[in-house]
Amino acid sequence: MSNSDVHSRRLKATPRGVGVMCDFYAVKAENATVWDQNGREYTDFAAGIAVLNTGHRHPKVMAAVHQQLDCFTHTAFQIIPYENYIHLAERLNQRVPIHGEVKTTFFSSGAEAVENAVKIARAATRRPGIIAFTGAFHGRTHMTMSLTGKVVPYKTGFGPFAGSVFHAQYPNALHNVSVHQSLESLEAIFRSDISPQQVAAIIFEPVQGEGGFYVAPPEFVSALRALCDRHGILLIADEIQTGFARTGKLFASEYYDVQPDLITMAKSLAGGFPLSAVSGRAEVMDAPEPGGLGGTYAGSPPAIAAAHAVLDIIDEEQLCARANQLGEQLIATLREAGCQSLAEVRGYGSMIAAEFQDAAGRPSAEITKAIQLQALAQGLILLTCGVHSNVIRFLYPLTIPQPQFDKALQLLKDIMREH
């Protein structure tokens, strides 16, 4: 069956609210390569939106899942628990950048992790308020959509939103938002919207994902930590997109001198299987009553098995070092391309973004889209992001073969030279 045949069926069977980027349909994938219905081959620089740091169908992930399938597929951990869940929690407790005793609980999606981090923070502080930032993306459920700092398309037509949620400005030097202005916007919220004594948590992304891969300056994160300590507020680091070697460290929070109280994670945690987690200081994590956390599929056994394999792969294949190596090569390519529309290249490790502007210095979604479509037509899958949709983010598997990576970068350079 051709791509066009399946496309007609999709339009008839699924709602338009599920936006789809590609006009082809996957039938096979391996590491950094995807094949479509017509047998055409693509290099995947999207990786399921940062889910496949270890690539499509890594052999060790597949073997771990097959082994689990031979034992059992589901019991619901809160009904019949299993040791593998506990072992994975122990492994993450040892590795998340949080001082002292740490505990971890598992869910299915990133949005679930954020929802539950909010629940844990509110239970621990007995306060209602949550502060997020402009440009943030935290999910599509009611609470996480409310936390998200981008209206179109994530919030359009879906209000009213959850109460006691407020947005401060995220620092962004390219768009003239300084660290001082960002911190002052927090103080403005305390003056006009909610007292700091009523705020349970501040949630931030060390590198904004959907917002445009803007990196949180170290002085900003230190100031957030000090502000939270001063007012008894918990600091939540959303590491759903930044986690598991993407930034050149297991967690992006390792780049900072201060630590969060809670970390949310998902995406590449389980190498393509649905799994998310919240890790945090033990006394905070223990705040909800028994039964307050969980979910029917939370900590699914096959996904837990996959996550164990992912942690092994990251260590054995030195993917943090590889993320830095590939990222340096990508940055050099972007800067050598001679693209007149390129406004900035930024990021940590292999969480790199290129932002584009028009001749007048305005954000240009049109140029960005043109580069994306030209690349797709030549077999390279790229993702855009940003509040102005003028950023290309690079999320290739960290396991991508070097010759394939080199070829993709040459193609990217040739396309960017036209702009």
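The values are calculated or read from the model by the stated rules, or taken from the named source; none is laboratory data. Please read all numbers here as calculations on a predicted model, not as lab measurements. Every residue, glycine as well, gets a Cβ built from its backbone with ideal geometry; the counts of neighbours run over all protein chains shown. When the accessible area is computed, the model is the full protein with side chains, heavy atoms only, and any ligands, DNA or RNA have been set aside. Shrake-Rupley method; radii C 1.70, N 1.55, O 1.52, S 1.80 Å.
Can you find a residue in the stretch 8-28 that is touching a Phe, Trp or Tyr at 6+ places or on another chain (Cβ under 7 Å) and in contact (Cβ under 8 Å) with a residue 24 or more places away in the chain?
Within the stretch 8-28, not a single residue is touching a Phe, Trp or Tyr at 6+ places or on another chain (Cβ under 7 Å) and in contact (Cβ under 8 Å) with a residue 24 or more places away in the chain.
Restricting to the stretch 240-255, name every residue that is open to solvent by less than 20 Å² (accessible area, probe 1.4 Å), over 16 Å from G48 (Cα atoms) and either among the hydroxyl-bearing types (S, T, Y) or not in a loop (DSSP other than H, G, I, E, B) (or both).
Correct list: T247, A252, S253.
Restricting to the stretch 281-314, what's the tally of residues that are part of a helix (DSSP H, G or I), within 17 Å of H87 (Cα to Cα) and of a type outside the set (A, V, I, L, M)?
Going through the stretch 281-314 one residue at a time, the tally reaches 4.
Might you let me know whether the stretch 176-184 holds any residue that is touching a strand residue (DSSP E or B) at 6+ places or on another chain (Cβ under 6 Å) and either farther than 17 Å from G347 by Cα or free of Cβ contacts under 8 Å to residues at least 12 places away in the same chain (or both)?
Scanning the stretch 176-184 turns up no residue that is touching a strand residue (DSSP E or B) at 6+ places or on another chain (Cβ under 6 Å) and either farther than 17 Å from G347 by Cα or free of Cβ contacts under 8 Å to residues at least 12 places away in the same chain (or both).
Determine whether V96 is at pLDDT 95 or above, aliphatic (A, V, I, L, M) and within 30 Å of A287 (Cα to Cα).
Yes, satisfied.
Quick check on V6: is it farther than 27 Å from I313 by Cβ, open to solvent by less than 70 Å² (accessible area, probe 1.4 Å) and not in a strand (DSSP E or B)?
yes
I'd like the full set of residues that are open to solvent by 10 Å² or more (accessible area, probe 1.4 Å) and either under 19 Å from T144 (Cβ atoms) or touching a strand residue (DSSP E or B) at 6+ places or on another chain (Cβ under 7 Å) (or both), limited to the stretch 211-230.
Answer for the stretch 211-230, where residues must be open to solvent by 10 Å² or more (accessible area, probe 1.4 Å) and either under 19 Å from T144 (Cβ atoms) or touching a strand residue (DSSP E or B) at 6+ places or on another chain (Cβ under 7 Å) (or both): Y214, V215, R225.
List every residue pair whose Cβ atoms sit under 7 Å apart, with the two residues 6 or more apart in sequence or on different chains, where the first one lies in the stretch 264-279 and is farther than 17 Å from T73 by Cα and in a helix (DSSP H, G or I) and the second, anywhere, is open to solvent by less than 10 Å² (accessible area, probe 1.4 Å) and of a type in the set (K, R).
From residues that are farther than 17 Å from T73 by Cα and in a helix (DSSP H, G or I), the pairs are S268/R246.
With (1) in contact with a strand residue (DSSP E or B) (Cβ under 9 Å, 6 or more places away or on another chain); (2) not in a helix (DSSP H, G or I) as the list, and G17 as the residue in question, which single condition is left unmet?
(1)
Residue-wise test of (1) in contact with a helix residue (DSSP H, G or I) (Cβ under 6 Å, 6 or more places away or on another chain); (2) surrounded by 19 or more Cβ atoms within 10 Å (Cβ to Cβ); (3) assigned to a helix (DSSP H, G or I).
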{"position": "K28", "(1), (2), (3)": "no, no, no"}
{"position": "N53", "(1), (2), (3)": "yes, yes, no"}
{"position": "A63", "(1), (2), (3)": "no, no, yes"}
{"position": "Q67", "(1), (2), (3)": "no, no, yes"}
{"position": "H74", "(1), (2), (3)": "no, no, no"}
{"position": "F77", "(1), (2), (3)": "yes, yes, no"}
{"position": "Q94", "(1), (2), (3)": "no, no, yes"}
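Looking at the stretch 76-87, I want the residues that are closer than 14 Å to A306 by Cα and have a partner that is part of a loop (DSSP other than H, G, I, E, B) with Cβ atoms under 6 Å, at least 6 apart or on another chain. Which pairs are those?
Note: pairs meeting the criteria are Y85/F77; Y85/G299.
Could you say whether any residue in the stretch 164-184 is under 27 Å from G17 (Cβ atoms) and β-branched (V, I, T)?
For the stretch 164-184, residues under 27 Å from G17 (Cβ atoms) and β-branched (V, I, T): present.
Quick one: G19 ticks every box in (1) surrounded by 11 or more Cβ atoms within 10 Å (Cβ to Cβ); (2) at pLDDT below 95; (3) under 21 Å from the mean Cα position of the chain (by Cα) except a single one, so which number is it?
Just one mismatch for G19, condition (1).
Among the candidates I331, I304, single out the residue that is in contact with a strand residue (DSSP E or B) (Cβ under 9 Å, 6 or more places away or on another chain), of a type in the set (V, I, T) and more than 27 Å from K60 (Cα to Cα).
Matching residue, one of I331, I304: I331.
Contact list please: Cβ distance under 7 Å, first residue in the stretch 321-332 and in contact (Cβ under 8 Å) with a residue 60 or more places away in the chain, second residue assigned to a helix (DSSP H, G or I), pairs at least six apart or on different chains.
L326/F405; Q329/L409; L330/L409
I'd like to check which strands (runs of 3 or more DSSP E) are fully inside the stretch 321-419 and have at least 1 residues that are modelled with pLDDT of 95 or more, over 24 Å from E30 (Cβ atoms) and among the β-branched types (V, I, T).
342-348, 383-385, 391-394
Collect the residues in the stretch 205-239 that are outside any strand (DSSP E or B), farther than 15 Å from P171 by Cβ and small (G, A, S), keeping them in residue-number order.
Of everything in the stretch 205-239, those that are outside any strand (DSSP E or B), farther than 15 Å from P171 by Cβ and small (G, A, S) turn out to be G209, A226, G232.
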